[in-house]
Amino acid sequence: MRRKTIDDLPEAALRGRTVTVRLDLNVPVSDDGQVQDDTRITAVLPTLRRLREAGARLVLLSHFGRPKGAPDPRYSLAPVSERLSALLGAPVRFLPHWKGPDVTEAVGALSDGELLLLENTRF
């Protein structure tokens with residue numbers, strides 16, 4: 001049996017749908033907040049482009065580092081969001097947390113093809 005991929009889904013099945021994508025965006029970031037190696041970010045671009053072009057509303061989740069359960073600015077995904085946006089050539093909205101009513105509101109406000117990256121799931 002052949003494994004199905006994103007490319008097997010018809011565009012009509014994705015348009016207007018909210019799709020949660022768990023990514024590995026655990027990349028090295030310098031002390032001044034610059035992504036040092038974007039290999040893992042570039043690896044996800046084809047999937048994100050396919051979903052955007054199909055009109056999906058994307059909610060992106062990732063962990064980053066080992067912050068021991070408490071928010072730590074050194075492990076924020078904000079710089080990763082900026083780099084992802086630059087590589088994708090499209091805005092990536094960043095929310096500085098990953099749970100709560102404003103997350104629900106932000107997800108509900110997404111338009112077709114928009115991306116929302118939530119903060120480090122290890123916070």
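Quick note: the coordinates plus some simple rules give every number you see, no bench work behind them. Keep in mind that what you see is a predicted model, and the values were worked out from it rather than measured. Please note: Cβ atoms are built from the backbone with ideal geometry, for glycine as well, and neighbour counts cover all protein chains shown.
DSSP assigns beta bridges within region 6-118; of those with both partners inside it, close to 10 percent run antiparallel.
Region 27-71 and region 79-93 have Cα centres spaced 9 Å apart.
Here the extension length gained between Gln34 and Leu9 equals 5.5 nm, from 0.36 nm per residue of separation less the Cα-Cα distance. Using only the alpha-carbon atoms, how far is helix 39-53 inclined from the longest principal axis of the chain? Give it as 0 to 90 degrees, nearest 10. It works out to around 40 degrees. Taking a Cβ cut-off of under 11 Å around Leu77, the surrounding Lys, Arg, Asp and Glu residues balance to a net charge of 0, with basic ones at +1 and acidic ones at -1. If we count every other residue with Cβ under 13 angstrom of Thr42's Cβ, Lys/Arg +1 and Asp/Glu -1, where does the sum land? Local charge sum for Thr42: 0. Mean separation of Cα pairs under 8 Å and 6 or more residues apart, divided by the residue count, gives the chain a relative contact order of 31 percent. With coordinates expressed along the principal axes, the C-alpha atoms belonging to the chain extend over 42, 33, 31 Å, beginning with the largest. Residues Arg40, Arg83, ranked from the fewest to the most other C-beta atoms within 10 Å, line up as Arg40, Arg83.
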